[in-house]
Each structure stands twice: as C-alpha cells, then as structure tokens.
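Engineer: Would you mind keeping the following structure in view while I ask a few things?
None of the figures in this text is laboratory data; all of them are computed from the coordinates on show. On a predicted model such as this, the values are computed, not experimentally measured, just so you know. Reconstructed Cβ throughout: ideal geometry from the backbone, glycine too, with neighbour counts over all protein chains shown.
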Amino acid sequence: MKDPVTATTGITYDRESIENWFMTSKDAIFCPLTKQPLTKASDLTPNHTLHRLIKSWLVENATPGSGFDRILSPRPLLDKTHLRKLLRDLTASDDGLRHDAVRKLYALAIEGDTACRGRMVEVGVAKGMVLFVMRCFKEGKVGGLEEGLKILSVLESYSICETRVLDVIDSLNWVLGLEMENHIIIKSYAIEVLKKAIDAAPSTVISGYEPRYQGFESLQFFKNVTNLLREKISNSALKTTLTILTKLCHWGRNRIKLVEVGAVFDLIALELEKPEKNITELIFNLLAHLCTMADGRAELVRHAGGIAVVSKRILRVSIATTDRAIQILSLISKHSARKDVLVEMLRVGAVSKLCMVMQSDCEGYLKEKAREILRMHSNVWSNSPCIGVYLMTRDPR
C-alpha cells in the first residue's frame with residue numbers, strides 16, 4: 001500500500017487498486033470486502049494515520065537501492081492558476097489545444113482525492129466542462145467528449161444553472177443518440193450528467209420536453225433514454241436511467257410518450273433478466289406509473305410475459321415491489337378486464353398469488369387490495385380452489 005484511502009464503508013484500500021476496481025469491475029458499486037453499497041470513487045478519504053505508519057515502516061526497513069525509501073508525499077493542493085489556464089484553453093479555437101486541456105483536467109479529476117475535486121469545482125471546472133460538452137454538440141465534434149463527460153460524472157457538489165438547462169439537455173440528448181466507438185461508456189457518463197440537469201430543470205421544462213434542434217423527432221429524447229434499458233450498461237447507470245424515467249412519469253404527457261416508444265416492453269424484458277432487488281423495485285415503480293394509462297395497460301397485457309412476471313414478483317422481492325405489483329393487477333382488473341385477460345391472470349398464477357397475499361404476514365392494506373381484486377372477478381375465477389375460502393369468509397386473513 002502506497003497511498004491508503006478509506007471508503008465510505010470504513011475499509012481502507014490502496015488508492016490505485018480501489019480506483020481501478022471502480023473503473024473496471026462490474027460490481028463497482030459494492031465494497032470488495034463488505035459487499036455493502038459504495039458511492040462514487042470521489043468519496044475516498046486519505047488515511048493519513050496509515051500513511052504515516054507505512055512511511056515509518058519503510059524508513060526503518062528500507063535497504064539501500066531498493067527504492068522503498070522514496071515515499072509518496074501527500075499530494076499538494078491543485079494550483080488554481082494552472083486550473084484557470086486549462087479552462088481558458090477549453091475555449092480556444094484550436095481543437096488540439098482544447099483536447100489537450102480536457103485530457104489534463106481528466107487526469108487531475110481521476111487521480112485527485114475529494115479535496116482536489118472540490119477545488120476543481122470551486123475554480124469552475126464543472127461549468128467549463130458543461131460548456132465544452134455543449135460546444136461539442138453545436139459543432140458536431142466528439143473529440144474529448146468521453147473525457148469531458150467522465151469529469152462531470154466524477155465531480156460532485158455542482159449544479160447546472162436553470163438558465164442553460166435546456167441547452168444542456170439538448171446536448172446530452174445528442175450524446176445519447178450517438179453511435180460511435182465506446183458509445184456505451186460515453187452514454188453511461190452522459191446519463192449521470194443528465195440526471196443533474198433534470199434535477200435542476202423547472203417542472204415546466206421536464207413536464208413536456210421537446211428537442212429544439214432539427215433532425216430529431218418529437219419522441220427522440222424518450223427513445224434515446226429508453227434505449228439504454230437494452231444496452232449492457234453498468235448497474236449504476238441503469239439505476240440512474242430508471243430514476244430519470246420515473247421522474248419524467250410524473251406528467252401524463254410524458255407517460256404517453258414513454259408508452260409510445262416501447263418502454264413497457266423494455267421494462268418487462270429487463271425484469272425477465274432477474275436484476276438486483278433495487279433495480280426490480282425501480283422497474284415496478286415505473287411500470288405502475290405507465291399502467292395508469294390505458295395504452296400502458298394494453299402494452300403490458302399484450303406482452304406474453306407481462307402479467308406472469310408481475311404476479312411472480314409478489315411476495316418474493318420486497319414490500320415495495322409487492323405493493324406496485326398488486327397496484328398493477330388492480331388497474332388491469334378495473335380497467336382492462338377482458339375475458340381473455342382474466343383467464344390469463346388465472347392461468348399464469350396471478351389469482352393464486354393474490355390468495356397467498358391473503359394468508360401472508362404482509363400489511364393489511366395489501367390484503368385488502370388483493371381481496372378487492374379477487375371479489376371483482378370471482379365469477380370468472382371460480383375454478384380456482386382458493387377463491388371460495390378467501391371470499392366466502394370474513395376472516396381478516
């Protein structure tokens with residue numbers, strides 16, 4: 001260990017090793033030792049006490065010529081003057097000078113600790129990189145784009161100004177539509193920045209966002225975001241994508257657009273891959289939003305595995321997932337209860353699962369929802385052996 005740093009889980013690692021874990025491991029969001037969730041690499045804290053112990057040990061045990069007597073000193077604070085010069089180079093007309101500045105800022109952001117990154121934000125590096133990404137979009141150039149987006153995904157404690165948020169979203173929409181080398185990595189960085197932009201945007205913007213540049217149709221933004229659900233992106237980027245879509249779903253016009261671009265089928269296909277528990281919760285939360293629309297419910301029942309996957313997750317993942325799954329079945333039972341749909345619910349085990357809810361230890365309101373669905377169509381489901389027991393009795397189970 002040369003440069004010990006402590007993660008948010010309390011475990012200390014060598015900086016180079018843990019940062020390599022963040023960049024290359026598919027399980028990068030978990031602590032390698034404790035398997036607890038980790039935040040971004042920027043939250044690594046230098047362990048000065050261990051650093052002094054390492055230095056003391058090496059001084060006492062070093063042999064001449066071994067090289068171990070040369071101990072890494074704590075990194076000096078970044079020079080603000082140097083950072084400001086690099087920011088000026090970002091605005092140069094020379095492409096080579098701009099790209100060189102981005103590469104140097106990228107190296108500083110990746111190699112620096114939390115204090116160094118905080119200093120970069122203080123000087124205005126985050127704002128400079130946002131303007132750089134916007135310039136890439138306006139000029140249609142991708143040189144330095146990956147590094148620029150990576151810098152923005154690593155830096156924290158910065159906000160995107162509301163006055164420019166539409167320009168930022170337009171630029172990121174363009175990035176999400178690109179097909180180029182490393183496009184999955186670039187889009188993973190872009191979606192993290194997009195979340196910051198949407199968080200900063202007024203509700204009037206995100207309630208009905210439309211691309212403002214030629215060459216993109218009205219639904220292109222929603223297509224670009226939902227396309228990430230089909231890509232092999234990291235779990236962190238996938239969670240961010242689902243979080244963004246859920247926020248967009250607060251407005252009916254956005255739900256209509258998401259249904260039109262095939263989000264219901266994408267979510268079902270994603271759930272059929274048996275993702276992590278927290279991803280399943282996000283998927284079901286989003287599906288429940290989309291099923292409040294008639295077209296959303298129609299898409300779910302049209303999918304061969306739609307009703308089946310919803311019913312199978314009841315009582316198997318979490319209370320939140322069970323709640324959303326029963327909500328979806330309730331919406332279908334009330335508003336989309338064609339004879340073939342009701343028969344499908346019985347055939348794939350949805351009715352049996354609702355009966356299991358009635359005899360489980362789950363919350364009372366969930367049992368009441370299940371009872372309501374069962375009573376609603378008991379005449380169609382009379383062949384199910386459990387129906388009579390739970391509908392013909394006042395037993396609160």
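Engineer: Is the shape of the stretch 185-239 rounded, prolate or oblate, going by the alpha carbon gyration tensor and its root eigenvalues a ≥ b ≥ c, with a/c under 1.5 for rounded and a/b larger than b/c for prolate?
Structural biologist: Oblate, because a/c is 1.5 or more while a/b does not exceed b/c.
Engineer: Quote the relative contact order of the stretch 219-315 in percent (integer), defining contacts as alpha-carbon pairs under 8 Å separated by 6+ residues.
Structural biologist: Reported as a whole number, the value is 30 percent.
Engineer: Another question, then. Based on the mean of other Cβ atoms within 10 Å per residue, sort peptides 307-319, 271-283 so the most packed one is first.
Structural biologist: 307-319, 271-283
Engineer: Rounding to the nearest 10 and keeping the result within 0 to 90°, find how far the Cα-based axis of helix 145-154 lies from the longest principal axis of the chain.
Structural biologist: So the inclination is approximately 80 degrees.
Engineer: With label points built 7 Å along Cα→Cβ from the Cα atoms of D295 and I11, find their separation and express it in nm.
Structural biologist: 4.7
Engineer: Then there's this: For D199 paired with N379, estimate the spin-label separation in nm (one decimal), with each label point 7 Å from Cα along the Cα-to-Cβ line.
Structural biologist: The modelled label-to-label distance comes out at 5.3 nm.
Engineer: Just add up the charged neighbours of L131: K/R +1, D/E -1, any other residue whose Cβ is under 15 Å from the Cβ of L131.
Structural biologist: Net local charge, L131 excluded: +4.
Engineer: While we're here: Among the listed pairs K85/K195; K312/K367; K187/K223; K196/K274; K232/K274; K141/K247, which are separated by more than 20 Å between their Cα atoms?
Structural biologist: Pairs exceeding the cut-off: K85/K195; K196/K274; K141/K247.
Engineer: Would you mind calculating the gained length between R84 and R103 on full extension (0.36 nm times residue separation, minus the Cα-Cα distance), in nm to one decimal?
Structural biologist: Full-extension gain reported as 5.4 nm.
Engineer: Separate question: Answer rounded, prolate or oblate for the stretch 80-135, using the Cα gyration tensor with square roots of eigenvalues a ≥ b ≥ c: rounded when a/c is under 1.5, else prolate when a/b is larger than b/c, else oblate.
Structural biologist: Cα axes put the stretch 80-135 in the prolate bin.
Engineer: So which residue, out of M293, M134, M376, gets the largest mean-square fluctuation from a GNM of the chain using Cα contacts under 10 Å as springs?
Structural biologist: Highest fluctuation among the options: M376.
Engineer: Now for a separate question. Shape of the chain from its Cα gyration tensor (a ≥ b ≥ c, root eigenvalues): rounded if a/c is under 1.5, otherwise prolate when a/b > b/c, or oblate?
Structural biologist: It is oblate, given that a/c is not under 1.5 and a/b is not larger than b/c.
Engineer: Same structure, new question: For the stretch 279-373, with only Lys/Arg (+1) and Asp/Glu (-1) charged at the beta-carbon, what is the dipole magnitude about the Cα centre, in debye rounded to 20?
Structural biologist: 260
Engineer: Considering the options P4, I191, T292, tell which one lies farthest towards the positive end of the dipole of the chain, charges being +1 on Lys and Arg and -1 on Asp and Glu at the Cβ, about the Cα centre.
Structural biologist: Final value for the positive-end residue is T292.
Engineer: Also, quick follow-up: Angle between the Cα long axis of helix 364-376 and the longest principal axis of the chain, 0 to 90 degrees, nearest 10?
Structural biologist: 40
Engineer: In addition: By how many degrees, between 0 and 90 and to the nearest 10, does the Cα long axis of helix 15-24 differ from the longest principal axis of the chain?
Structural biologist: Tilt of helix 15-24: around 40 degrees.
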